[in-house]
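The values are calculated or read from the model by the stated rules, or taken from the named source; none is laboratory data. As the structure is a computational prediction, the values presented were derived from the model and not from experiment. Cβ: placed from backbone, ideal geometry, glycine included. Neighbour counts: every protein chain shown.
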């Protein structure tokens, strides 16, 4: 007999299927009865890599091994047939799957799903941009191959410059897929007014890079679901240590793990995390049932935005102390933001942690340091607002460049989320390509500086900023 995809189910193939079904049942029971009961930090440290597994399969290696292999060998033709028919878990080819990426994916799926009653899964990608492409492309397929259908989606205008380019150029200009930009994502009526029968998904970045945009996740998710549409959130800046959109109704989260998740800056990495049984108006059962597995085994198999196994383990290792690092950098950023609000050379400061920020109350509803109530240091819920902030320099573009060029300890780079503080001028770097009109749409003036505060003592970061600002107006 054969399954629905034409894989011949011989007795030999069925034997492998039965064996692996027993393995999957054992794994799922371990997740449900053991791992899901752990605190966030324990999941970040261990993921699904257990002592028993290490001893039985990997000679007792405490750290997850790096599998520097392009493919997997099989015992016989029956196992190969079962594996390539996706009837059993397989590392058939590292463009599709690899044991190292498996451990990274499971850890991130569990962290993004922390506190969520349902199930989550993850597909790793080679970068954050690959993660965005991977998350949105499946929803833009034509429903009927013989009839052209207009397609559109909604996205927050306050977003990373690369996201703007992907949506505005790669999708709108090159593929005629309309992106309907949301200028005020806190206005649910604006979202609602732009949805029609051709809308495929809603997309939002929060907190946004660099302007600190935010929106009510549950409210937007409820609106999306009322139209049979999924909500996709980019939560790169917050990470699951501060914000887990799936718990508030979002269907999919994209992470540029290059950033906050990998604070060391060792390489480029991304991920798509989705809840199972997500909402969509597409009639694709496999996509609905397990989106991350669907994109891994089908679209990404063909497009090939795969993650290198070495990078997977390096990122996984960085993630183990995520909560404590994000807490430290958030506290440091708050002190720097408070200093800047009082400096005469600063025209304005955008940081959600400042009580007078117009979105402070909304952000406080969602952004909490995970498990702070179980921490001996706090013992109660604590709001944290992340490491990213922006500010405008009084005196315009020339004064901004003067300040920027005189930074000594803070790195001038387009990176963010590093354990070392990094600054950039978005108008000439991360958001340069989207043009003046695009930057105006996103609220990015030429005198804006994006600052990502790291793990240094905040007094030293403040001192560097102060001395650089002192050069403004000097000849």
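Summary of computed values
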quantity: Odd one out for residue 118, checked against (1) crowded, with 16+ Cβ neighbours inside 10 Å; (2) in contact with a helix residue (DSSP H, G or I) (Cβ under 9 Å, 6 or more places away or on another chain); (3) within 24 Å of residue 228 (Cβ to Cβ); calculated: (1)
quantity: Residue count, the stretch 178-203 (criterion: farther than 24 Å from residue 436 by Cβ and in contact with a strand residue (DSSP E or B) (Cβ under 8 Å, 6 or more places away or on another chain)); calculated: 8
quantity: Within the stretch 396-418, tally of residues that are assigned to a loop (DSSP other than H, G, I, E, B) and at pLDDT 95 or above; calculated: 5
quantity: Only listed residue being closer than 23 Å to residue 429 by Cα, surrounded by fewer than 19 Cβ atoms within 10 Å (Cβ to Cβ) and not assigned by TED's automatic domain parsing to the domain that holds residue 390, chosen from 169, 147; calculated: 169
quantity: Given (1) outside the structural domain of residue 247 (by TED's automatic domain parsing); (2) crowded, with 22+ Cβ neighbours inside 10 Å, number of the condition residue 368 does not satisfy; calculated: (2)
quantity: Breaking point among (1) touching a strand residue (DSSP E or B) at 6+ places or on another chain (Cβ under 9 Å); (2) outside any strand (DSSP E or B), for residue 344; calculated: (1)
quantity: Filter result (surrounded by fewer than 23 Cβ atoms within 10 Å (Cβ to Cβ) and either farther than 25 Å from residue 70 by Cβ or touching a strand residue (DSSP E or B) at 6+ places or on another chain (Cβ under 9 Å) (or both)) within the stretch 312-324; calculated: 320, 321, 324
quantity: Qualifying residue in the stretch 76-98 (condition: touching a helix residue (DSSP H, G or I) at 6+ places or on another chain (Cβ under 9 Å) and under 27 Å from residue 325 (Cβ atoms)); calculated: yes
quantity: Enumeration of residues in the stretch 433-447 that are over 15 Å from residue 166 (Cβ atoms), assigned to a loop (DSSP other than H, G, I, E, B) and touching a residue at least 60 places away in the same chain (Cβ under 8 Å); calculated: 443, 444, 447
quantity: So residue 396, is it farther than 25 Å from residue 161 by Cα and either in contact with a helix residue (DSSP H, G or I) (Cβ under 8 Å, 6 or more places away or on another chain) or touching a residue at least 24 places away in the same chain (Cβ under 8 Å) (or both); calculated: no
quantity: Spans of helices (runs of 4 or more DSSP H) in the stretch 30-136 with at least 3 residues touching a strand residue (DSSP E or B) at 6+ places or on another chain (Cβ under 7 Å); calculated: 99-112, 128-136
quantity: First in the stretch 300-313 and at positive phi, second anywhere and part of a loop (DSSP other than H, G, I, E, B), Cβ under 8 Å, 6 or more apart; calculated: 304/95
